[in-house]
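One structure below.
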């Protein structure tokens with residue numbers, strides 16, 4: 001009898017052989033599971049691996065597929081397609097279920113290790129207010145052409161190209177003014193011990 005290892009492009013004998021194996025599987029003939037595995041295991045493994053992208057996970061799911069085939073072999077209906085299509089559907093569903101379960105586990109783990117939001121106390125609020133006041137004062141000491149560019153970049157989110165266009169300045173001038181202003185701010189804030 002001609003057989004197909006992959007289950008694709010098989011002959012009529014392959015289909016008939018698979019149908020016989022499904023009958024044996026429904027009768028709980030343990031050897032039928034092994035023969036189905038030999039015929040279609042590599043095809044199913046390839047599909048599962050493409051979905052999961054991890055060999056160890058794909059191997060586990062492949063085993064689950066054949067356990068499911070053993071357990072639910074009696075539910076196979078030849079009118080709905082060949083046995084290999086039934087096995088492929090089980091493999092795809094099991095792989096997608098594993099993928100979803102892994103995603104849920106990752107989210108749960110991330111949530112478990114996510115840092116708690118900082119506790120807001122009067123002291124932390126006072127420190128934040130002090131930093132805000134110090135930054136505002138340091139900004140006020142900058143020349144207006146530097147301060148305006150920095151404020152629009154950081155508080156309005158404008159890019160340096162947008163600033164150059166808005167102020168009708170060469171891009172290099174904008175970059176120089178922003179860089180000089182930021183260096184001046186850094187020095188002033190460092191003197192106040194507000195920079196780590």
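Where a number appears in this text, it was derived from the coordinates with a stated rule and is not lab data. Only a predicted model underlies this, so the values are computations on that prediction, with no experimental measurement involved. Neighbour counts are summed over all protein chains in view; Cβ atoms, including those assigned to glycine, are modelled from backbone coordinates with ideal geometry.
Observations
- Residue order, fewest to most surrounding Cβ atoms within 10 angstrom, among 171, 80: 80, 171
- Across the range 122-191, C-alpha contacts under 8 Å between residues 6 or more apart give a mean separation that, scaled by the residue count, equals a relative contact order of 36 percent.
- Per-residue ellipticity at 222 nm, computed for the chain from helices alone with -39500 (n - 2.57) per DSSP H run of at least four residues, works out to -25500 deg cm²/dmol.
- Cα-based helix-to-principal-axis angle, 83-113 vs the chain, degrees rounded to 10: 30 degrees
- Calculated diffusion of the chain, Stokes-Einstein form, Kirkwood radius summed over Cα pairs, 37 °C and 0.692 mPa s, µm²/s: 142 µm²/s
- Label-to-label distance, residue 50 versus residue 26, with points set 7 angstrom from Cα along the beta-carbon direction: 3.0 nm.
- FRET E, pair residue 109, residue 89, Förster distance 25 Å, beta-carbon r, rounded to 0.05: 0.25
- Rg and Dmax of the range 12-113, based on Cα coordinates, read 15.4, 56 Å.
- Across the range 12-113, Cα pairs under 8 Å and at least six residues apart give a relative contact order of 34 percent.
- Principal-axis tilt of helix 30-52 within the chain, Cα atoms, nearest 10 degrees: 20 degrees
- Sequence-separation-based contact order of the chain, relative, with Cα cut under 8 Å and 6+ spacing, percent: 15 percent
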